[in-house]
Amino acid sequence: MTQDIFVLIEHLRGTIADISYIMLAAAREVAKGTGGNVTAVLLGKDAQGLARTLSADRVLYADHPALAEFTSEAYQLTLAKLIEERSPRAFLFGHTTIGADVAGGLSAKLNLPLVSSCVKFTSDTKFVSQICGGKIMAEGDLPSPTALVTMVPGGYKVEQGQAVQAPAIETFTPPALDSLRVTLKKYIEPEAGDVDIAKEQFLVSVGRGIQIKDNIEMAKELAAALGAQVSASRPVVDQGWLPTSRLVGKSGKRVKPKVYLALGISGAPEHVEGMGESDVIIAVNTDPNAPIFNVAKYGTTIDLLELVPALTEKAKQAA
Ligand SMILES: Cc1cc2nc3c(=O)[nH]c(=O)nc-3n(C[C@H](O)[C@H](O)[C@H](O)COP(=O)(O)OP(=O)(O)OC[C@H]3O[C@@H](n4cnc5c(N)ncnc54)[C@H](O)[C@@H]3O)c2cc1C
């Protein structure tokens, strides 16, 4: 077993997902405790160029046509072989659709322990994880011999995992990938909605705390007064109060506005996955222990039904 910390780099259509940089920053922290190196693991086809922004001691790169686009089977086969050959001390994955899929499969296949929804590490190889949708923080020792970990945003900044200098690349050979049961036939762009919230700089986002459909109007008025757009958490969209094009999170859009005003949103990992990298997050939530406050820069426990009309008034006066 080595003391190295491996990180699976997630990328889509030539862009590295922010969670990859966050994990590299986390890996640096835990590597201080183990005394090992930080190794970025990049899978793709002609994708070496993506390695240059990764803050890692080295990049292990596998190049294969079957790895050009993500499929769980090809990733699992490749990473299982890599883990068996190199025995890292820990392997970090995003707590994302891709990461949770691959890490869960590898845990079962290789009989390795899996730590889920990790936010942070301490330098003595302890992890801090969110459980029950972020309502409880659990601390534990990183299990041996090789711990698989899925990570949520919140504990580290993207910039901490970005390189000033391109890291060294070492290639490795994937296993035979010619009889996969699942292959990607076509990439279908999601249908553009009325507004592309992923491109907006100011979002007023509503959650279940808005309570009834009629109150959505209140949020729309505030957004109009602030020059913002309205987005939402899943319960609001599931109830048909706003269209799916406005959904933020794991099953919706990943947004990164300058300001994200979260009204009555608890901050479940599936929601934070889509907005955790906003420049400034402001949370309005009557529950002082709501996990949204873990990622918010500013927050208040004032009832949103009182705050929103008052704020709209102020914004109109200031305009
Ligand atoms: C596979 C999967 C995918 C998912 N994908 C997504 C996704 O893409 N996006 C997403 O958002 N969720 C997603 N979810 C659901 C997610 O787990 C949460 O259930 C959801 O985010 C909770 O939404 P919420 O914060 O609006 O509601 P709740 O968790 O019910 O929180 C409501 C909050 O409002 C506060 N509140 C209540 N009244 C007031 C008031 N008057 N003033 C101020 N605050 C108030 C409460 O304190 C509470 O914290 C997914 C779940 C799964 C399993």
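The values are calculated or read from the model by the stated rules, or taken from the named source; none is laboratory data. It should be emphasised that the depicted structure is a prediction, and the values quoted were computed from it without experimental measurement. Virtual Cβ from ideal backbone geometry, glycine too; neighbours counted across all protein chains shown.
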- Query: From the list I282, I265, which one is more than 6 Å from the ligand (Cβ to nearest atom) and β-branched (V, I, T)?
  - Reply: I282
- Query: Which condition does A228 not pass, out of (1) within 12 Å of the ligand (Cβ to nearest atom); (2) surrounded by 16 or more Cβ atoms within 10 Å (Cβ to Cβ); (3) under 25 Å from the mean Cα position of the chain (by Cα), if it passes all the others?
  - Reply: (1)
- Output the qualifying pairs, or none if there are none: Cβ atoms under 7 angstrom, residues six or more apart or on different chains, first residue in segment 162-185 and farther than 12 Å from Y61 by Cβ, second residue part of a loop (DSSP other than H, G, I, E, B). Q162/S55; A163/S55; L177/H64; L180/T71; V182/T71; T183/T71; L184/E69; L184/T71
- Out of the residues in segment 83-95 that are surrounded by 22 or more Cβ atoms within 10 Å (Cβ to Cβ) and either in contact with a helix residue (DSSP H, G or I) (Cβ under 7 Å, 6 or more places away or on another chain) or of a type in the set (A, V, I, L, M) (or both), which is farthest from M23 (Cα to Cα)? R89
- Item | Pairs, first over 14 Å from A232 (Cα atoms) in segment 268-291, second near the ligand (Cβ under 8 Å from one of its atoms) and charged (D, E, K, R), C-beta under 6 Å, six or more apart | T286/D303
- Residue match in segment 294-302 (condition: near the ligand (Cβ under 8 Å from one of its atoms) and in contact (Cβ under 8 Å) with a residue 12 or more places away in the chain): yes
- Look at segment 221-234 and say how many of its residues are part of a loop (DSSP other than H, G, I, E, B) and out of contact with any His (no Cβ under 6 Å at 6 or more places or on another chain). 2
- Task: May I ask you to list the residues in segment 235-269 that are surrounded by fewer than 21 Cβ atoms within 10 Å (Cβ to Cβ) and touching a His at 6+ places or on another chain (Cβ under 9 Å)?
- Result: K250
- Item | Any hit, segment 128-147, residues being in contact with a Pro (Cβ under 7 Å, 6 or more places away or on another chain), closer than 24 Å to A68 by Cβ and either at pLDDT 95 or above or not assigned by TED's automatic domain parsing to the domain that holds G35 (or both) | no
- Checked segment 244-262 for anything within 12 Å of the ligand (Cβ to nearest atom), under 16 Å from the mean Cα position of the chain (by Cα) and of a type in the set (K, R); matches are K250, K253, R254
- Name the strands (runs of 3 or more DSSP E) wholly within segment 37-124 that hold at least 2 residues that are modelled with pLDDT under 95 and not small (G, A, S)? 114-121
- Which condition breaks for S117 when tested against (1) buried (at least 16 other Cβ atoms within 10 Å of the Cβ); (2) away from the ligand (no atom under 14 Å from the Cβ); (3) within 30 Å of A47 (Cβ to Cβ)? (2)
